[in-house]
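Here is the structure we will look at.
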Amino acid sequence: MTALPHDAPPPRENTAGAPARPGPRRWMLLAWALLAIGVAGSLGGAALWRSSARANARQGFQVTATDVSETLETLLLRDADFVKTLRSVLTLQPHMSATRFEQWFSELSKERRLGGLGATVVEAVPASELAAFLARRAADPTFRTLVGGTIVPVSRGGRVRYCLLSAGGAQTPYSPAIGEILEGDWCDPRSAIGSYPAGRSTTANVEQAVTDSGQFVVYPVTAQGVTTVFIEAAFYRHGAALATVAERRAAVGGWVAASFDIGALIDEAVGQHRGLGVSLYHQNPGQTAELIGHAGVVTAKGALSHRAALGIDGRWWALVRGAAVVHGLTADTQGLLVLAIGLLLTLLVCALVMVLARSRERALTMVREKTGQLQHQALHDALTGLPNRILALDRAQQMLARARRRHTAVAALYIDLDGFKHVNDTFGHAAGDELLRIVADRLQAAIRDSDTASRLGGDEFLALLEEAPTDAGPELIAERVLEVLRQPYDLGDTLGRPLSITASIGIASGPRLHADELLRDADLALYQAKLTGRDRFSLFESSMQAASDERLTLELDLAQALEQEQLFLLYQPTFDLRTGSVIGVEALIRWRQPERGIVPPDKFIPIAEQRGMIVPIGRWVLEEACRQLSVWHALGYRIGMAVNVSARQLDDDSLIDDVRRALEDNELEPSALTLEITETALMRDPDATAARLHQLKQLGVRIAIDDFGTGYSSLAYLRQFPADALKIDRSFIDGIATSKASAALIHTLVQLGKALEIETLAEGIEDQAQLETLQREHCDHGQGFLFSRPLDVDAVELFLSHTSSHASALAASE
């Protein structure tokens, strides 16, 4: 075979029947095809991702807007309830003076953050009462301070009725110019405050609408450079029929308007939600809707909006506008990023789509979980996990709506633990929190799965019973709840031993228009259960609402009783049962209210205890009793004085200084003063009470245990108290002469006093047989109607003079 020369061309390859290799053009086509597929897939994935991100952002905006609307509704309900309270008080006291109203308004303002300019009252005055009204108002210094400027005289044009400013409560002082108003022309509380926007309906038409409808009227007002919102309502004569427009016009007593800082209220509702604009609208009766307030500025392009009707008296709604809520990158940026990844990873486009799909699902799941957690935290109690007040009110409203449609019965159980504060104070908040968690678990176990248990706050719980049986159903459930809550609580290492505690329950059942009415009635029933002894339940009755209104009025009157010198003291003598001589008197407080007359102590003392007014009242009693005792000592009557000390006074650190000051100011021997403390008050916190009693004993005063035998004190604690006397309760004296059991009980109590070397004093001696039995038992001292009723100062001096003369005559005869 001959070799080929080096420069010869290679022979042509025979390709017949061999596979053809793709040329460059075919590979290019495949590359373009893959690129096209990759681009198409990337574009589709990017578009899908951006759309999903925008949907999530819109969903976040709706959640935020709903939260802002619900918060705004809650805050407006608070302000509307305040106006309802104003109207209720003025219905009960239609001719309240400016001084009285200002004091009431100031007292209530301490418990509420009102804002705005304050409140005004315009009274509808018949022409026949005009002169008396003007004179009474002009004599009130608070009214002159309220107006500040000049009041243009009322026209004497023969008007049947005048509408005149009668009172007001202010958050900020009024300027004199605001007092220069023309009274009598229109029935308008706004004329006493400032101006309102032009273009509105006439004032007379507005006030006529307020009177005829009985609803609130809302309007913005500008005064002293401040723009605020007034909520106005008419009040009518107490007990008048209000079924028709004619009846409401005839019964109107006036109008009350309260000012609220609507801007601050909307800002509080918006809170930390930046970039939102909130507009609040209201439609008055017979008028078109108008803008009441606005907060925030929306600058984002393509802003979203959310409109929500608010469940308040009248027609309210809020419009929330803002940008979609974005966490991290914007939707457009995310889409571009997905497209870039798709172009770079063409060969892995399918895998990339799957990864992106899984990532998207995880992202949505995380958003849903986070949203659910936030909603749960906003609507549930952090300590017990039960629904909180907001969710409970919402469920109660839904429950009432279903009950109206289905014609079924509903009930609410308002539950409050008895003595929970004592557990917190004695064993610490850790024990209190553990106790509340156990109570929540027991409450859930005691009701049905279809019912709702919630914690309203503190030691207050609520059970909502849907489709409750009408035949004593709520009562049976309340009994079961009381029973499970009575069981001992094992707090483990927190306390080291079981703890027993009871509860009180108020029950309200039947249809209601609003959930807050159902809870209010249950709360009134709870108050009755507490009042009648605790560890029980009480059913709501319509009379409880009237009693609540009466109690509120009594609280308002009592708040000024001390300042207006309506309180006074009577004195009941105490006798030595062996000699019959007077050894002292007990100071007894009384209240002479100008409109009510003499108010019994058992009516106003519990209110004073609950509201903390008993401390200044008790201080006044101590000072007045010591002052009067000093006068009697100067007249030669060497007797002692007993003064009652309440449990709230005993808990107050100022009691020691009050006693020391009263003794020093009146130059009294400490042994002449006896402080009487009930056995129940002593046993609230025996160790702390014993320490404070020892401090009082160091001053030299005497200590007496009042109502002895009713507080279940143990002998171990009784020996710790530095007591000088035991006052045997009058309930043990009744029937002492006819009942062997009563006589044996008195014998035991007297012998106990002698064994402890403590004097004994019997209360409520009313007949000779009781006295003779006590003398046979060698009881030391006594008091009661058999000897003397409570006397005023002059009667006491006459009584002491007579008994001294009688004693001198007996001594001379001997």
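The values are calculated or read from the model by the stated rules, or taken from the named source; none is laboratory data. Being a predicted model, the structure only gives us computed values, none of them experimental. Methodologically, a virtual Cβ is constructed for each residue, glycine included, from the backbone with ideal geometry; neighbour enumeration extends over all protein chains shown. Surface areas here come from the heavy atoms of the whole protein model, side chains and all, with no ligands, DNA or RNA. Shrake-Rupley method; radii C 1.70, N 1.55, O 1.52, S 1.80 Å.
Could you check Thr408 against (1) within 18 Å of His380 (Cβ to Cβ); (2) over 24 Å from the mean Cα position of the chain (by Cα); (3) modelled with pLDDT under 90 and say which number it fails?
Every listed condition holds for Thr408 apart from (1).
I'm trying to understand the selection: among the residues of region 74-86, which are open to solvent by 50 Å² or more (accessible area, probe 1.4 Å) and not hydrophobic (A, V, I, L, M, F, W, C)? If you could, list the steps in order and put the result at the bottom.
Filtering region 74-86 for residues open to solvent by 50 Å² or more (accessible area, probe 1.4 Å) gives 74, 77-78, 81, 84.
Residues satisfying the conditions are Thr74, Arg78, Asp81, Lys84.
Looking at region 606-649 only, could you name the residues that are closer than 20 Å to Glu797 by Cβ and small (Gly, Ala, Ser)?
Ala625, Ser630, Ala634, Gly636, Gly640, Ala642
Taking only region 382-396 into account, find how many residues are open to solvent by 60 Å² or more (accessible area, probe 1.4 Å) and within 16 Å of Glu517 (Cα to Cα). If you could, list the steps in order and put the result at the bottom.
As a first pass, look at region 382-396 and keep what is open to solvent by 60 Å² or more (accessible area, probe 1.4 Å): 382, 389-390, 394-395.
From the residues that got through so far, the ones that are within 16 Å of Glu517 (Cα to Cα) too are 389-390, 394-395.
Number of matching residues: 4.
Please return the ranges of strands (runs of 3 or more DSSP E) entirely within region 512-625 where 1 or more residues are surrounded by fewer than 18 Cβ atoms within 10 Å (Cβ to Cβ).
Details: elements: 537-539, 567-576, 582-593, 597-599.
Because the criterion is at least 1 residues that are surrounded by fewer than 18 Cβ atoms within 10 Å (Cβ to Cβ), the strands (runs of 3 or more DSSP E) in region 512-625 that meet it are 567-576, 582-593, 597-599.
Residues checked against (1) β-branched (Val, Ile, Thr); (2) free of Cβ contacts under 8 Å to residues at least 60 places away in the same chain; (3) under 16 Å from Ile677 (Cβ atoms):
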{"residue": "Gly584", "(1), (2), (3)": "no, no, no"}
{"residue": "Arg592", "(1), (2), (3)": "no, yes, no"}
{"residue": "Gly597", "(1), (2), (3)": "no, yes, no"}
{"residue": "Asp602", "(1), (2), (3)": "no, yes, no"}
{"residue": "Ala608", "(1), (2), (3)": "no, yes, no"}
{"residue": "Pro616", "(1), (2), (3)": "no, yes, no"}
{"residue": "Val621", "(1), (2), (3)": "yes, yes, yes"}
{"residue": "Cys626", "(1), (2), (3)": "no, yes, no"}
{"residue": "Val643", "(1), (2), (3)": "yes, yes, yes"}
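Looking at the structure I just gave you, is Ala741 within 36 Å of the chain's Cα centre (by Cα) and exposed (fewer than 14 other Cβ atoms within 10 Å of the Cβ)?
Details: within 36 Å of the chain's Cα centre (by Cα): no; exposed (fewer than 14 other Cβ atoms within 10 Å of the Cβ): yes.
For Ala741, the condition - within 36 Å of the chain's Cα centre (by Cα) and exposed (fewer than 14 other Cβ atoms within 10 Å of the Cβ) - is not met.
With the checklist (1) touching a residue at least 60 places away in the same chain (Cβ under 8 Å); (2) of a type in the set (Gly, Ala, Ser); (3) crowded, with 19+ Cβ neighbours inside 10 Å in hand, flag the one item Gly419 doesn't pass.
(3)
Could you figure out which of (1) in contact with a Gly (Cβ under 7 Å, 6 or more places away or on another chain); (2) among the small types (Gly, Ala, Ser); (3) closer than 18 Å to Gln93 by Cα; (4) modelled with pLDDT under 85 isn't true of Ala209?
Answer for Ala209: the failing condition is (3).
Could you list all residues from region 644-693 that are more than 16 Å from Asp707 (Cβ to Cβ), open to solvent by 60 Å² or more (accessible area, probe 1.4 Å) and polar (S, T, N, Q)?
The one that is more than 16 Å from Asp707 (Cβ to Cβ), open to solvent by 60 Å² or more (accessible area, probe 1.4 Å) and polar (S, T, N, Q): Ser671.
Specify the residue that is farthest from the chain's Cα centre (by Cα); the eligible residues are those in region 243-294 that are over 25 Å from Leu164 (Cβ atoms) and among the charged types (D, E, K, R).
Glu290
Out of all the residues in region 726-736, is one or more among the hydrophobic types (A, V, I, L, M, F, W, C), over 41 Å from the mean Cα position of the chain (by Cα) and either open to solvent by 20 Å² or more (accessible area, probe 1.4 Å) or modelled with pLDDT of 90 or more (or both)? So that I can check it myself, show each step before the final result.
As a first pass, look at region 726-736 and keep what is among the hydrophobic types (A, V, I, L, M, F, W, C): 726, 728, 732-733, 736.
Checking which are over 41 Å from the mean Cα position of the chain (by Cα) leaves us with 733, 736.
Then keep just the ones that are either open to solvent by 20 Å² or more (accessible area, probe 1.4 Å) or modelled with pLDDT of 90 or more (or both); that gives none.
Taking every residue of region 726-736 in turn, none turns out to be among the hydrophobic types (A, V, I, L, M, F, W, C), over 41 Å from the mean Cα position of the chain (by Cα) and either open to solvent by 20 Å² or more (accessible area, probe 1.4 Å) or modelled with pLDDT of 90 or more (or both).
Just name the residue that is modelled with the lowest pLDDT out of those in region 218-227 that are open to solvent by 10 Å² or more (accessible area, probe 1.4 Å) and part of a strand (DSSP E or B).
Residues of region 218-227 open to solvent by 10 Å² or more (accessible area, probe 1.4 Å): 220, 222, 224-227.
If we keep only those that are part of a strand (DSSP E or B) as well, we get 220, 222, 226-227.
Details: Pro220: 82, Thr222: 72, Val226: 68, Thr227: 73.
Checking each candidate, the answer is Val226.
Listed residues Arg455, Arg442; which is under 14 Å from Leu413 (Cα atoms), touching a residue at least 24 places away in the same chain (Cβ under 8 Å) and not hydrophobic (A, V, I, L, M, F, W, C)? I'd like the intermediate steps shown before the answer.
Numbers: Arg442 fails: under 14 Å from Leu413 (Cα atoms).
Answer to the selection: Arg455.
Taking the conditions exactly as written (at pLDDT below 80, aliphatic (A, V, I, L, M) and open to solvent by 60 Å² or more (accessible area, probe 1.4 Å)), does Ala177 satisfy them or not?
On the way: at pLDDT below 80: yes; aliphatic (A, V, I, L, M): yes; open to solvent by 60 Å² or more (accessible area, probe 1.4 Å): yes.
Taking the combined requirement at face value, the residue satisfies it.
Are any residues in region 119-135 assigned to a helix (DSSP H, G or I), of a type in the set (A, V, I, L, M) and open to solvent by 10 Å² or more (accessible area, probe 1.4 Å), and if so, which ones? Can you show your working first?
The initial filter retains those residues of region 119-135 that are assigned to a helix (DSSP H, G or I), namely 127-135.
Those left that are additionally of a type in the set (A, V, I, L, M): 127, 130-132, 134-135.
Ala127, Ala131, Ala132, Leu134, Ala135 - these are the residues of region 119-135 that are assigned to a helix (DSSP H, G or I), of a type in the set (A, V, I, L, M) and open to solvent by 10 Å² or more (accessible area, probe 1.4 Å).
Tell me yes or no: at least one residue of region 545-557 is farther than 30 Å from Leu413 by Cβ and touching a residue at least 12 places away in the same chain (Cβ under 8 Å).
Initial filter on region 545-557 (farther than 30 Å from Leu413 by Cβ): 556-557.
Going one step further and asking which of them are touching a residue at least 12 places away in the same chain (Cβ under 8 Å), we end up with 556-557.
Scanning region 545-557 turns up at least one residue that is farther than 30 Å from Leu413 by Cβ and touching a residue at least 12 places away in the same chain (Cβ under 8 Å).
Would region 264-272 turn up any residue that is touching a helix residue (DSSP H, G or I) at 6+ places or on another chain (Cβ under 6 Å), at pLDDT 85 or above and under 22 Å from Gly60 (Cβ atoms)?
No, region 264-272 contains no residue that is touching a helix residue (DSSP H, G or I) at 6+ places or on another chain (Cβ under 6 Å), at pLDDT 85 or above and under 22 Å from Gly60 (Cβ atoms).
Looking at (1) at pLDDT 75 or above; (2) acidic (Asp, Glu); (3) open to solvent by less than 80 Å² (accessible area, probe 1.4 Å), which is the one condition that is false for Asp332?
For Asp332, the failing item is (1).
Restricting attention to region 466-500, which residues are modelled with pLDDT of 90 or more and open to solvent by less than 10 Å² (accessible area, probe 1.4 Å)?
Ala478, Val481, Leu482, Leu485
Only one of (1) more than 24 Å from Ala681 (Cα to Cα); (2) of a type in the set (S, T, N, Q); (3) open to solvent by 20 Å² or more (accessible area, probe 1.4 Å) fails for Thr426. Which number is that?
(1)
Could you check Ala98 against (1) touching a Leu at 6+ places or on another chain (Cβ under 9 Å); (2) surrounded by fewer than 17 Cβ atoms within 10 Å (Cβ to Cβ); (3) modelled with pLDDT of 75 or more and say which number it fails?
Answer for Ala98: the failing condition is (2).
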